[in-house]
Every structure is written in C-alpha cells, then in structure tokens.
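Working notes for the structure below.
No lab work stands behind these numbers, since they all come straight from the coordinates. The structure displayed is predicted, hence computed values, not measured ones. FYI the Cβ positions are ideal-geometry reconstructions off the backbone, even for glycines, and counts take in every protein chain you see.
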Amino acid sequence: MAAAPALRDVPPVDASATLSPPCPTEHNDPLNAQILAVSEDKIAGFTPEPFREIARRSGVALPLVLERIRAMLQAGTVRRVRQTLLATNLASGALVAWNVPPDRLEAAFEFMFRQDPFSGHVVLRSTDAATAGSDYKLWTTLKAPRGFSLEDHAELLRERVGANHFRLMPAKGIFVLGVGHVRRKVIEPGARADQTAEMTVVEQAELDEHEWRVLLALKRELAPEEIHEETPWAARAAEAGVSFEDFCATARSLQARKLIGRFSTFLEHVKPSEAGVRVTRFNGLFHWAVPAGREIEAGGQVGRHLILTHCYWREGGPEFGHVNIMAVAHGTEKERLLAHKAAIDEHLVKVGIPVSYTNVFWGGRSEIKPSEISPFVYREWLEAMRAA
C-alpha cells in the first residue's frame, strides 16, 4: 500500500475554482433589470404560476428568474414579493397628512411605522417654499377594515402621537396605480399614452368567510423558500383549508370584482443597497387644483403620463389650496422630475383644463409596508391599544 502523501505534498485548494461567483443582486445588473422590467408591475391580476409568467414575458429562463428574484429579496434590493390587492375596495382608506409639533415628529413617524399595522406608506415630506400645507410634514396611507371607522382610528393616532391636526383624503377615483421604477428610468418628460387614463371608482366590497380565508392567505408576502419552480399557491391553499382548484377559482372571482391587483417584486427604491446603489433618490407628490366637476377629465389627462406611479382624485381641502388631483413620480434627479411635472402642466394648458393652484411635496425619510385590512387583526390591535 502506498504511503499517504505528507501534508506538505498536498497541493493547495484553489477556492476560486470551487466556489461559484456571487449572484448579482443590484437592480441595474442587466439581467436583473430585464426581469424587474416585467416583475415590478406587468403581471396584472392573479396567475397560478407567477414566476413562469415573469420568465415568459421577460425572455429569461425560469431557473434564472427564480435565482435572481430570490437573491435580490435576500439582499434587500427587493423588499417584498407578493400578490397585491386593490385594498381601497376592501377597507376604508385615505391618504393622511399630519400636522405634528417638530419635537414629536420623529416619534410620531416611528409609532406609525412600527406600531400601527393599518398605516402603510409613512413618509416625511417637505416643500421647496412655505406654501399651503407645508406645515404638514408627516404623510401616511391608512386603512380601517370593514366595520371600523377611519376617522376614529385617525383620532386615536392623533392622541397617541400628539399631532395638532390631520387631514383625511380618501380616494374618490384611481387613474394610475403601479410601480415599475426600473422601466420608468428612461421615460422622457411628456411621454404619455395615446388614450386618457380610465378612472376606477372606489367601492367597498362584501366578502364571506371563505373569501376572506383565501384573500388573507393570498396577500401575505412570499418568503425566499417559497420562490421555486412549483406554484406558491398550492401551500397557501392548504393554509386556507381549500383545494388548489378552489383557491384559484376564488382568486379569479375576486379579480373579476376588481379586488386583486398585480403580482409584484417591490424594490427598495428609497434606501440604498448594500453597495450604496439607489433605485430612486427623489419622489414628488404632485398637486393640482382643477375646477369642480372636471376632476375625472383632469385625472384622465394627468394619468396618461407614463412617469406616474400613482394618480388619484382626492380632496385636499383648504389646508392644501383645495387641490383635487394628486399624482406621484419617482426619479434619481430632482430637476428631471420637475421637467416631468412641467410637461404635465403644459399638457393641461393645451387641453384646456385650468389649474388654480399646484405644488410639489418632496418625499424624505420613508418606510413602506402593506396596510393591514383584516377586521380580525384590527379587533386584537384595538384591544391592545386600549389596554396600553
């Protein structure tokens, strides 16, 4: 038997030859960008196999789609992967502007973000000059599940955080609701759709217990281990106590009732990645005051502009110069966002829609989470708040 080689005779292991290179996780990696251009907001409604659909539309092989989305989620580039709902039709909702004393502003932000599951977007906003509403620095989205009062919830929050005042601005109509930050990076100011944006009317829906079970199982964000070649909905159907076929049929029924949004990979678009790369640097909340009775016309014209991720008919009231059309755009350069805003202003002039007042509220610190809509969760939360 040959003697074992001495330790010094064993050649060193080349680690680079045995370890795979790390999977790119930045949003601007070419392959990731190709996937994200579809996965951010192009998978509308419910589909039984969302990752296969992303692969088909993006032209990227399914194993690569799964690998890259999983890696981006674990790295924090993608902050969540989930089936979205049209929550405005499932719970009373509003954009809320809060007038909070400066010394309580940070604490109020933290409370809304960490302790109120019904507050979704939590953003500190500012204006370039002192204008109508510029003392309302904290902005949130808020949902009150069916059977509970939006006003009462906001009043409870006002007392808890010590706010001076709040303004509830429920959506009367929705013209644009999406994301798509990667594909919007190359959109030129003034680029718009051939047709005006159609308004979706906000209407509250009634769900039975079976539909709620499916909906609550459907909406929870996916964990990395759920991003695989098989449909993620089979396990969720079992969780809801229904067959996979029943789960899909119920989801399609909810979609037909305009309660299901899109399947989406949500980018962490404000905070930098581990390498310091940001998807966006600025977001502008654009305000326009148009004549009463022309809100649908104006929203349709504003909503045509492809840069916008959101566009609503909301009433700002006297605190905000009686604005009634609001929209959001994101970008990496402030001046370019202002050019987009100027192009929209110019278009409104061309189509004969007068604007009596306009403004931009710039987003600063922000935390974004889905607003809880479950009445079961709300009852538990309310009891805990009252006991605290």
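Observations on the structure shown:
- Under 5 Å between amide hydrogens, built in the peptide plane, is the criterion, and for ALA171 it picks out LEU95 among residues at least 5 positions away or on other chains.
- In a simple Cβ point-charge model (Lys, Arg +1; Asp, Glu -1; nothing else charged), the range 130-274 has a dipole of about 660 debye relative to its Cα centre.
- Excluding same-chain neighbours fewer than eight residues apart, the aspartates and glutamates reachable from LYS334 by a Cα-Cα span under 19 Å are ASP128, GLU188, GLU268, ASP345, GLU346.
- Local charge for GLY284 was computed over the other residues whose Cβ lies under 10 Å away, with Lys and Arg +1 and Asp and Glu -1, and equals +3.
- Global geometry of the chain, whether rounded, prolate or oblate, following the gyration tensor of its Cα atoms and the 1.5 cut on a/c: prolate
- On full extension, the segment bounded by ARG386 and ARG57 gains 113.5 nm, given 0.36 nm per residue less the C-alpha separation.
- Taking the range 96-112 and a reference point 7 angstrom along Cα→Cβ of SER126, the backbone N atoms nearer than 20 Å belong to 97-110.
- Of PRO63, LEU218, GLY316, farthest towards positive along the dipole that unit charges on Lys, Arg, Asp, Glu beta carbons give the chain: GLY316
- Residue among ALA132, LEU157, MET199 farthest towards the positive dipole end of the chain, charges placed on Cβ: ALA132
- Computed extension gain for ALA249 through LEU207, at 0.36 nm per residue and net of the alpha carbon distance, reaches 13.6 nm.
- Gained length - ARG257 relative to GLU297, 0.36 nm times residue gap less alpha-carbon distance: 11.9 nm
- Estimated dipole of the range 59-129 in Debye, rounded to 20 [Cβ of Lys and Arg +1, of Asp and Glu -1, Cα centre]: 360
- Karplus-derived HN-Hα couplings along the range 262-267 (A = 6.51, B = -1.76, C = 1.60, θ = phi - 60°), whole Hz, x at Gly and Pro: 10, 8, 9, 9, 7, 6
- Debye, to nearest 20: dipole size of the chain, +1 on Lys, Arg Cβ, -1 on Asp, Glu Cβ: 620
- Of the peptides 23-29, 297-303, the ranking by mean beta-carbon count within 10 Å, highest at the top, reads 297-303, 23-29.
- Per-residue ellipticity at 222 nm, computed for the chain from helices alone with -39500 (n - 2.57) per DSSP H run of at least four residues, works out to -10000 deg cm²/dmol.
- Cα-based shape type of the range 175-253, given that a ≥ b ≥ c are square roots of the gyration tensor eigenvalues and the cut on a/c is 1.5: oblate
- Between LEU64 and GLU110, the simple label model (points 7 Å from Cα in the Cβ direction) yields a spacing of 4.5 nm.
- In this rough spin-label picture, where each label sits 7 Å from Cα along the Cβ direction, the ARG220-GLU346 distance is 5.1 nm.
- Gyration tensor verdict on the range 114-188 (Cα atoms; rounded if a/c is under 1.5, prolate if a/b is larger than b/c, oblate otherwise): oblate
- Placing a pseudo-label 7 Å from each Cα along the Cα-to-Cβ vector at GLU26 and ASP152 gives an inter-label distance of 5.1 nm.
- Sites matching GluC sites (Glu not before Pro) across the range 311-374 that sit in DSSP coil, with at most 12 neighbouring C-beta atoms within 10 Å: GLU333
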